[in-house]
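Each remark here refers to the structure printed beneath this line.
The values are calculated or read from the model by the stated rules, or taken from the named source; none is laboratory data. Not measured: the values here are computed from a predicted model. Using ideal geometry, Cβ is built from the backbone for each residue, glycine included, and neighbour counts are taken over all protein chains shown.
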Amino acid sequence: MGRILAPTQLPPRMPQLHDGLRRRICRVILRLCGWSLVGEFPDVPRAVLIAAPHSSWWDGIWGLLMKAGVGADVHFMAKQELFVGPLGGLLRRLGGMPIDRSSAKGLVEQMIDQFRQRDALWLGIAPEGTRKRVARWRSGFWHIARAAGVPIVPAYFDYANRTIGVGPLFETSDDMDADIARLRAFYAPFKGKHRDV
């Protein structure tokens, strides 16, 4: 049976949110909708969190509700054009990080820079890069983790059991293809809203 972790159960070195009212509201919504969290967050200040299978826009809703509900400060990337006016403020509060798509530095390099500038950062990425089924995951998450020297935290959506799960900490090796194959194998049992991995 799943459970939603209490805010005090997050490990001390993991970046955390401190908005008690938002946390309580999100926990109530998750509970009413039957969602729970399983697994343990690792006690690391910096990590790339990957979430799969990503088959529905609902994944983002449930993921944001869960991260706010447990008090986890996990960031995500969005194009910088969205960070204007009220939407920009909302995206920042939700953990959005603006990406300059016109920059000479690519997305991966921009995220590596963010890790170099921060003592604490968890970055959430959907490795499939789309809600459609893909034969190969995009490798940007692996390159970011490898170059920044941070571990990967695999998280999953399991709609069959209405759970969001956190898997064991994963350290990258010199073999990207083997690493991605091992990570995809971890996700094999889990069913997204419209498909598995």
Looking at Ala135, is it over 14 Å from the mean Cα position of the chain (by Cα), among the small types (Gly, Ala, Ser), surrounded by fewer than 19 Cβ atoms within 10 Å (Cβ to Cβ) and at pLDDT 90 or above? no
Filter the range 26-45 for residues that are assigned to a strand (DSSP E or B) and among the small types (Gly, Ala, Ser); the one that is farthest from Val166 (Cα to Cα) is Ser36
Run down Ala78, Ala51 and say which single residue is in a strand (DSSP E or B) and free of Cβ contacts under 8 Å to residues at least 40 places away in the same chain. Ala78
Scan (1) under 15 Å from Tyr159 (Cα atoms); (2) crowded, with 16+ Cβ neighbours inside 10 Å; (3) of a type outside the set (A, V, I, L, M) for the single condition Gly34 breaks and write down its number. (2)
Could you tell me which numbered condition Arg101 fails, if it satisfies all but one of (1) surrounded by fewer than 16 Cβ atoms within 10 Å (Cβ to Cβ); (2) closer than 25 Å to Phe41 by Cα? (2)
Which condition does Phe157 not pass, out of (1) more than 23 Å from Trp35 (Cα to Cα); (2) touching a residue at least 60 places away in the same chain (Cβ under 8 Å); (3) in a strand (DSSP E or B), if it passes all the others? (1)
Hey, could you check the range 138-154 for residues that are without any contact (Cβ under 8 Å) to a residue 60 or more places away in the chain and in a helix (DSSP H, G or I) and say which is surrounded by the fewest Cβ atoms within 10 Å (Cβ to Cβ)? Ala147
Search result, residues across the range 8-25 that are hydrophobic (A, V, I, L, M, F, W, C) and in a helix (DSSP H, G or I): Leu21, Ile25
One residue is enough: does the range 1-19 have a residue meeting the conditions more than 22 Å from Phe141 (Cα to Cα), within 13 Å of the chain's Cα centre (by Cα), without any contact (Cβ under 8 Å) to a residue 60 or more places away in the chain and surrounded by 12 or more Cβ atoms within 10 Å (Cβ to Cβ)? no
Criterion first (in a strand (DSSP E or B), on the phi < 0 side of the Ramachandran plot and surrounded by 14 or more Cβ atoms within 10 Å (Cβ to Cβ)) does Leu64 satisfy it? no
Filter the range 165-181 for residues that are assigned to a loop (DSSP other than H, G, I, E, B) and under 19 Å from the mean Cα position of the chain (by Cα) and give the result. Gly167, Pro168, Leu169, Glu171, Thr172
Criterion violated by Val108 - all others in (1) modelled with pLDDT of 95 or more; (2) surrounded by 16 or more Cβ atoms within 10 Å (Cβ to Cβ); (3) hydrophobic (A, V, I, L, M, F, W, C) satisfied: (1)
Tell me yes or no: at least one residue of the range 83-98 is in contact with a strand residue (DSSP E or B) (Cβ under 8 Å, 6 or more places away or on another chain), surrounded by 19 or more Cβ atoms within 10 Å (Cβ to Cβ) and either closer than 22 Å to Trp137 by Cα or of a type outside the set (D, E, K, R) (or both). yes
Taking Leu123 as the residue in question, decide whether it is surrounded by fewer than 16 Cβ atoms within 10 Å (Cβ to Cβ) and closer than 23 Å to Asp59 by Cβ. no
Restricting attention to the range 20-47, and to residues there that are of a type outside the set (A, V, I, L, M, F, W, C) and without any contact (Cβ under 8 Å) to a residue 24 or more places away in the chain, which single residue is farthest from Phe115 (Cα to Cα)? Arg24
